[in-house]
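A.B. asks: The structure that follows is given in the form of structure tokens.
Derivation of every value follows stated rules applied to the coordinates shown; laboratory data play no part. Bear in mind the structure is a predicted one, so any value in this text is a computation, not a measurement. Don't worry about glycine lacking a Cβ; one is built from the backbone with ideal geometry, like all the others, and counts go over all protein chains shown.
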Amino acid sequence: MLSLCLTVIDAPDRRDLFTALYEDYHTVLLRYAMSVLTPTYKSYAEDVLQDTFIAVARHIEEFEKLPPERQKAFLLTITRHKAIDFLRKEARQVEIISDSEWATDTFVPVESMISDEGYARLCRLIRSLDDIYRTPLEMNLLYGMDSREIGEWLGITAKNAGVRISRAKEKLKQLLLKEEE
């Protein structure tokens with residue numbers, strides 16, 4: 001993938017920047033893509049990552065203008081959008097299950113249905129949060145990053161990152177309570 005993307009870039013200094021971005025953030029962005037994708041589609045995280053780096057290669061001149069701390073945030077944003085685009089595309093391709101397919105004698109334990117439904121519900125509610133709150137919350141919950149690390153990634157202060165996480169949890173709590181009414 002790296003060599004394919006490098007063919008799109010003309011200037012050697014831009015190729016060096018792209019290579020550095022790829023080497024520094026490939027693993028983190030892959031994990032992030034996996035966290036955005038639903039469990040059914042986690043195996044497509046590499047495809048999402050490839051789309052991300054192709055977009056970066058096409059717009060490498062924009063990355064040159066950004067300070068390094070903003071480059072990280074921009075990469076996360078692109079990855080999230082590519083993952084969401086992938087999920088939207090897949091949702092359009094899902095066929096509606098007919099009633100006859102539901103009427104099977106297959107036994108499904110209630111416990112697994114509840115946990116799957118609860119997980120799906122929680123993921124849906126987290127995805128409904130504004131980006132400004134969802135991103136720090138995901139970074140905190142999925143990667144165990146603290147406020148300082150999140151602040152560095154997003155180019156904000158640690159205190160601001162902590163406030164965003166706190167507000168995201170409060171908004172999530174309100175959404176859960178609202179749904180239960």
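A.B. asks: Need the list of lysines near Lys171 for cross-linking: C-alpha distance under 22 angstrom, and skip anything on the same chain fewer than eight residues off.
C.D. replies: Once the sequence-local lysines are set aside, what remains near Lys171 is Lys159.
A.B. asks: Another question, then. Could you calculate the FRET efficiency of Asp47 with Leu122 from 1/(1 + (r/R0)^6), where r is the beta carbon distance between them and R0 is 25 Å, rounded to 0.05?
C.D. replies: About 0.50, to the nearest 0.05.
A.B. asks: To make sure I understand the rule: partners must be lysines, Cα under 22 Å from the Cα of Lys89, and not fewer than 8 residues away in the same chain. Which ones qualify?
C.D. replies: Excluding near neighbours in sequence, the set is Lys42.
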